[in-house]
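**Q** Shown below is the structure under consideration.
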Amino acid sequence: PTLLIIAGIHGDEAGGYLAAERYSSLKLKKGNLIVVPRLNGAAIRAGKRCGLGGDMNRLFNLPPNNSNPDAKVVNLAKQLIRQSDYVLNLHQGYDFYNPRWISRKRNPSKWGQSNVIDATTFHLPDGQKLELGNYAKRVVHRANSRIPDGDFHFAVNNTNTAVKRSRHKEQRGSLTYYSLYNQQKIALGLEATKNCSLSEAISYLTIAINAAIEEAGIEAVALPSESSQSVDAVQEAKSKNLSKMKLRG
């Protein structure tokens, strides 16, 4: 199986692209990974949600020859989706998703700590089905078994994007919706909360990515460490190396 990890579609969600970078040189025993840590370079450099052509995660329903300045990048992402069996789109969202209203910070309108799917089941032309809901549940179960604090457990967030009464019709231009409805791929949006430190967000996303890789049947020699302490150590080492490079320059 081939799993595609895409991050940095929104430039103000650093947890996503920093988590994805941890997989760029992963050694595998079985399966394939395609990793695009920083899809929307302009948005990341600006530290903003949108890049040159607006919200890139709303551009996947545009025609290929569209004049939008982000169209070439979107088309490249579409090519990589075609080569994949599973697609992960990494994000950070505020607060905590819950299917029921618990509080102002934990309710159905929030995105943090969720595995987002556009439908639980997708019917293929040959009569078979893609069971996104079951895959997402298994990923959540595997991830949550590694997160001691229940307040930060992941939940499956089915946006039912295609149905007439969907609360999230804007998602019809998203990368995951395109992956499922145009390319028939199992696609998840992995959302870590912004209500924690950056190293913790990277840690939660790493746990979720590792779970998705394992559930897809891909085997690595060693997956990235899931502890926030190890994330801190890596980030500190990167900062020191960057400082040294600047001094040499």
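**Q** Specify the residue that is farthest from K169 (Cα to Cα); the eligible residues are those in region 96-130 that are open to solvent by 40 Å² or more (accessible area, probe 1.4 Å) and in contact with a His (Cβ under 8 Å, 6 or more places away or on another chain).
**A** By that ranking, first place goes to K129.
**Q** May I pose another question? Can you spot a residue in region 91-101 that is among the aromatic types (F, W, Y), in contact with a helix residue (DSSP H, G or I) (Cβ under 7 Å, 6 or more places away or on another chain) and closer than 29 Å to A201 by Cβ?
**A** No - not one qualifying residue is present in region 91-101.
**Q** If L198 satisfies all but one of (1) hydrophobic (A, V, I, L, M, F, W, C); (2) open to solvent by 60 Å² or more (accessible area, probe 1.4 Å); (3) free of Cβ contacts under 8 Å to residues at least 60 places away in the same chain, what's the number of the condition it fails?
**A** Tallying (1) hydrophobic (A, V, I, L, M, F, W, C); (2) open to solvent by 60 Å² or more (accessible area, probe 1.4 Å); (3) free of Cβ contacts under 8 Å to residues at least 60 places away in the same chain, L198 fails exactly one: (3).
**Q** Here are A14, A42: which of them is over 22 Å from L188 (Cβ atoms), of a type outside the set (F, W, Y) and in contact with a Leu (Cβ under 7 Å, 6 or more places away or on another chain)?
**A** On inspection, the qualifying residue turns out to be A42.
**Q** Counting only residues that are assigned to a helix (DSSP H, G or I) and in contact with a Ser or Thr (Cβ under 7 Å, 6 or more places away or on another chain), which one in region 170-195 is least open to solvent (accessible area, probe 1.4 Å)? Full working, then the answer.
**A** Our first condition is that a residue be assigned to a helix (DSSP H, G or I); within region 170-195, this holds for 170-173, 175-181.
Of the ones still in play, those that are also in contact with a Ser or Thr (Cβ under 7 Å, 6 or more places away or on another chain) are 171-172, 177.
On the way: Q171: 17, R172: 80, Y177: 36 Å².
Per the criteria, the residue is Q171.
**Q** Return the residues of region 21-68 that are surrounded by 16 or more Cβ atoms within 10 Å (Cβ to Cβ), touching a residue at least 40 places away in the same chain (Cβ under 8 Å) and not in a loop (DSSP other than H, G, I, E, B); say none if nothing qualifies.
**A** Result: L33, V36, G51, M56, N57, R58.
**Q** Given the criterion in a strand (DSSP E or B) and open to solvent by 20 Å² or more (accessible area, probe 1.4 Å), identify the matching residue among V163, V156.
**A** Checking each option against the conditions leaves just V156.
**Q** Within region 69-95, track down each residue that is open to solvent by 30 Å² or more (accessible area, probe 1.4 Å), more than 19 Å from L33 (Cβ to Cβ) and either of a type in the set (A, V, I, L, M, F, W, C) or not in a helix (DSSP H, G or I) (or both).
**A** P69, V73, Y94
The values are calculated or read from the model by the stated rules, or taken from the named source; none is laboratory data. These figures come from a predicted structure and were not determined experimentally. Cβ coordinates were reconstructed from backbone atoms using ideal geometry, including for glycine residues, and neighbour counts include every protein chain displayed. Heavy atoms of the whole protein, side chains included, go into the accessibility calculation; ligands, DNA and RNA do not. Shrake-Rupley method; radii C 1.70, N 1.55, O 1.52, S 1.80 Å.
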